[in-house]
Each structure stands twice: as structure tokens, then as C-alpha cells.
Amino acid sequence: MMRTVSAAETAATTHPWAVHAEGLRVRAGRHVAVDGLDLALGTGVHGLLGPNGAGKTTLMRAVATVVKPAGGRLTLLGEQVGDRADLRRVRRGLGYLPQQFGFYPRFTVREFVEYMAWLKEMPKATIPGAVQRAVDRVGLTAKADARMKTLSGGMLRRAGIAQAIVNDPAVLLLDEPTVGLDPEQRLEFRELLRDVGVDSCVLVSTHLVEDVVAACTDVVLMNDGRLVYQGVPDDLAAQGGAGDAGDSPAERGYSALLRRHRAEAGR
Amino acid sequence: MTTHPSAAVIARYADPRASLDEVTMWSVEVHLEGCAHCRAVLVGRVPDDTRVLLDRVAAGVDRAVAAGPVPAPRRRWSPVRNRWFVWRLLPWLTMTVAVLGCAVLLEAAAPHLPSLVTLLAPIAPLPGVAFAWSRRHDPAWELVAGTPAAGLAMLLRRTAAVLAVVVPVLALGSTRTGASLAMTLLPCLAFTAAAITLGAFVGVRVAAIGLGVAWALAVVLPAVLTARLPAVLEPGGAVAWALLTLALAGLAGLRAADFRRLTSHH
Ligand SMILES: [Zn+2]
């Protein structure tokens, strides 16, 4: 599909990292869920792993700019998103799928994605085409005019992914996007991730180590609100030994890293 | 599009055997895209076999277009039609209008009581305002909160939609019952501004509920019990209410950044 390339897209990037956190602290209620996190992400697909309660969802929310950091620095696309930041410009370049996302049951898939595109302040004339493209990319073409309330869990999630990618975001944040997808849809989704990750920064949180190995260029492991490990999937696999829990080298690497981190923290 | 390439250059561009340097080729190509005149010149210079091929392609495309499905009608994208909020707001506004209607009737039935319309005016917009900015009522709150459109401007638009219904009803009610129009509308606006300003700190819904309860307990209840209009609603207070509204609105403007985050949705 042909599209016009805007000046903003061809302008030289002046920021080395799409997402850059330095000593980031973010609260989830009273609890400090992200506590002194240092993280730098560039173009590519980054898989965010970690046990429940590691702070993955809170980190996602902070990067999505819906919650305010309690401390440290967070820079997105070269702009610091601090206390009094005007988030508008940064948000135009974001795509976000929360872990649990609500929707308007009477909207059709197309209306839902259109509404989100409109809220993302896309030029009005480009909305119908961009929506069709996003719906096609997640494989919902046949369901585009079905009401949201008639969709299965997997289809809803794909509609959620469609709204996240409709604005061709420079930073795409997907919180547990593969929940509810069947194996075939997961394969298609990985394909989509690799495709988007060619020229954007994609951060996918998941509890499935295999998804990360299959679709990600980079693994980020979090525990207790801190960064435990960042490396390529092959290196993650090399971290584990025969004695570690898991069914695959990557899973064993994951358990080994967590075990070591917990042992260090316990001392 | 300023200068047309010469006919000779176009002829060389059209002739696959002629050599043309890449830069000229590019500039001719770009020019042709925008210039019908030169495209016409080009057609005259194209070798016969190429023209036959092009005719065949054109005929094939025409056939395929004729045989294919009819193009879908162009959908007009309208944010208004898709504005979920307007539809969801209706029940709340209906309730508000019904309560104010009852107040007018009650006032007619019990003239010894202070004006109920005036007493209720400050809290009349609050249910709608609370609804307008609450995660409980917007299923997609987290998605919406992350978009560039989310923020004070969106809250103000929604509040304006609420006031567009509440203000005329209050105006009608106050003229019906002979209450002071200024002392009905100004406190209404002041409380709306207060709910938004406080909302920056504690969340709009919490602020609206707090203000509503406080006003009901501190002013409405004593007024009904003593059957006297409280001093704050005496006609002389109009200037003070107007100043209060302006001050609160200014403060809300200063706190605009808070409305970009989820905390304001409590
Ligand atoms: Zn020309």
C-alpha cells in the first residue's frame, strides 16, 4: 500500500533510544512497583519477562504515559515525560494495548479502531485507510463490521492490537497480547511483531518464554521492580544449566537468572 | 513543474535503446507524474510495440474492473456519530432534568420553602461531570487515557455537553419560579469549576461526590429545615460567585497536566 512519507518520519532521529529509563520509580497504589529501573530500548522487538508482581504492567503503564513516574527519569522518543510534560506529541507516536482493555460493546471493530485513531489525532482523511490496514494486519478483515460484543476472546485481543498499531507507532507497548490467542494465531502474531519491529520499538510483556525466543530480538527480565537482565534470546538460553527448572534452554536460562537474582537480593 | 523537458529528451526517455543518464531519467519521470502535457508528448514517442502492450494492459484492467465487485461506498468518518460518551451521558442528564423538574413542581406546591431550584443548582451539573471523567463509566478508560486527545480539553468538552443541558433547564426553572437567574447559574458554574479543579488532585468523580455531599449537608438541609434561603445564595453574592468561578477556572488551567494521567479518573 502506498502512503505519503511525512517530514517527521524522514527527519533524523536525535535520540539514541526510543525508550530510556534512568532510576525510574513508579507506584502502583501505595506500593512502589518499579523501583530504580534502568533500561534503554531501541528499534526492535523487546520481550519483557518476569514473575507475577515483578512490575511489568506498572512499567508498561508508565511508558504508555498513563501513570506518572514517582521518581527517576523517563525519556520517550527523545522527550522527557516528567511531571509537567506536554505529552501530546509523544502520545501520537505511541501504541498501547493494556493487559485488560475495556471496549464499547456496541461498536463494531472498525468503529472502535476508528475512534481510537481519532483520539490519537490522526489526520481525518487518513483514518479510514489506516483502520482498514490495521484490521487487515491482525487478520480481522472478515469481522471488521461485527460488533465488539460478538467477538471471541482471541478476536477481541486482535482488535486491541489493531487499535494499538493503527497510527504506525514508533513505540508499541503490548501487555500480555498473546493471552486468548490459539497456537495458529500466536504464530501469525509473532510474524506481525517481527514486521512492526523492523522500524519501531516494540515492548511486549509476556509470561511465555517461548514467545520471546521466537519473536523477540531482545530479552528484558524484571524482578521486584528492577532490571535483572537484558540480552539476546540465544544468550538467555546460555544462562541456564541442566539443573534449572524449565522445558527449554530459554526457560532454564530464565529460571537460572531469577534464582541468581533472588540469591543476591537475599544476601 | 517549471520547465518542461525538451521533446528530444522525452523521446530518449521513451526509447529503450537510447541511453539517458540516471539523473535526467529521474527528473523526467518526476516531471511526467505531474504534467499532463508532457505525458501526451510521451505517448507520441512511445514505440509501437510498447503502445500495443499498454493498450492490452488497459483493456485487461478495464475488464477486471467491470467484472469485479462494486466499490464499497465511501464511509464518512464522523466522530460525533461514534461518540460513545454522548449516548452514555443521556440517562444521567435525564435524571438531572427530572430532579430539577420535581424541584420546580415542589416549589409551586410549597411556596413557603426557599427556592429549591436555586438550592439544587450548584450540584445539578455534578453527576454529569463525575460521569464525564470516571474510569467506572468509560470501559476503555485506560486506552483513552493514553491518547494525545485525553486531557483537560477533552474533560472541558464533556463538561460543556453536560452544561449545555443543565444550564437551560436551570434557567427555565428559575424563571418559572421567580428565583434569581444569576444566583442560580453562577453557583452552578462555580461548582462545576470546583469539581474540575479539585479533580486534578483527588480525581474528578471523588471531587464531584465530595462537593455534592458537602453542599447538601451544609446548605440544602439547613435551608429546608429552617425554611430560609442561606446567606450565600442571597442575590448580593453574585459578584463573589462570579469571581470564585473565574479563580477556580484559572486554577484548573494551571493544573492541566494532571488531567493527562489516570489519577484524575478516580
Ligand atoms: Zn511538462
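The values are calculated or read from the model by the stated rules, or taken from the named source; none is laboratory data. No experiment lies behind these values; they were computed from the predicted model shown. Cβ placement follows ideal geometry from the backbone for every residue including glycine, while neighbour counts extend to all protein chains displayed. Side chains are part of the model used for accessible areas, which takes the heavy atoms of the whole protein and leaves out ligands, DNA and RNA. Shrake-Rupley method; radii C 1.70, N 1.55, O 1.52, S 1.80 Å.
Brief remarks on what is shown
- Net +/- balance of residues flanking A:G47 in space, Cβ distance below 9 Å, scoring K and R +1, D and E -1: -2
- The slack between A:Q100 and A:A265, meaning 0.36 nm per residue of separation minus the straight C-alpha distance, is 56.3 nm.
- Chain B, relative contact order in percent, only Cα pairs under 8 angstrom and at least six apart counted: 21 percent
- Cβ distances below 4.7 Å define possible disulfide partners, and in chain B the cysteines left without one are B:C102, B:C188.
- Of the residues B:L120, A:M122, A:V228, the one whose Cα sits farthest toward the positive end of the charge dipole of the protein assembly as shown, with +1 on the Cβ of Lys and Arg and -1 on the Cβ of Asp and Glu, is B:L120.
- Rounded Å value of the spacing that divides the Cα centres of the range A:39-71 and the range A:212-267: 17 Å
- Rolling a 1.4 Å probe across the protein heavy atoms gives the protein assembly as shown an accessible surface of 49 Å² per residue.
- Distance (nanometres) between label positions extended 7 Å along Cα→Cβ at A:A238 and B:V65: 5.8 nm
- Net charge in the neighbourhood of A:A18 (other residues with Cβ under 13 Å of its Cβ; Lys, Arg +1, Asp, Glu -1) is -3.
- The B and A chains share an interface that buries close to 3000 Å² of accessible area, total over both sides, probe 1.4 Å.
- Separation between Cα centres of the range A:107-174 and the range B:236-254, rounded to whole Å: 42 Å
- Legend: calculated FRET efficiency, B:A240 to B:H137, from the Cβ-Cβ distance at R0 = 35 Å, rounded to 0.05, equals 0.60.
- Look at the stretch A:66-78: the mean tally of other chain Cβ atoms within 10 Å of its residues' Cβ atoms is 2.
- Sites B:A109 and B:L53, calculated FRET efficiency, Cβ-Cβ separation with R0 51 Å, nearest 0.05: 0.05
- Top positive-direction residue, dipole computed over the range A:144-189 with Cβ charges, set A:F189, A:I165, A:A146: A:A146
- Dipole magnitude of the range B:110-266, debye to nearest 20 (Cβ charges: Lys/Arg +1, Asp/Glu -1, about Cα centre): 200 debye
- Long-range amide H partners of A:Y229 with built H, under 5 Å: A:L221
- Farthest toward the positive end of the dipole of the protein assembly as shown, out of A:G102, B:G34, B:F191, is the Cα of B:F191, where the dipole comes from beta carbon charges about the Cα centre.
- Added length on full extension, which subtracts the Cα-Cα distance from 0.36 nm per residue, B:L221 to B:L90: 44.4 nm
- Overall form of the protein assembly as shown per C-alpha gyration tensor (a/c, 1.5; a/b vs b/c): oblate
- Here chain B exposes an accessible surface that is 70 percent carbon and sulfur, computed with a 1.4 Å probe and the other protein chains kept in place.
- Measuring how big the range B:84-264 is from its alpha-carbon positions, Rg and Dmax come out at 16.4, 52 Å.
- Sites matching trypsin sites (Lys or Arg not before Pro) across the range A:20-86 that sit in DSSP coil, with at most 11 neighbouring C-beta atoms within 10 Å: A:R30, A:R84
- Cβ-placed point charges (K, R +1; D, E -1), dipole of the protein assembly as shown about Cα centre in debye, nearest 20: 1740 debye
- Of the trypsin sites (Lys or Arg not before Pro) found in the range A:87-163, those that fall in a DSSP loop while having at most 14 other beta-carbon atoms within 10 Å are A:R106.
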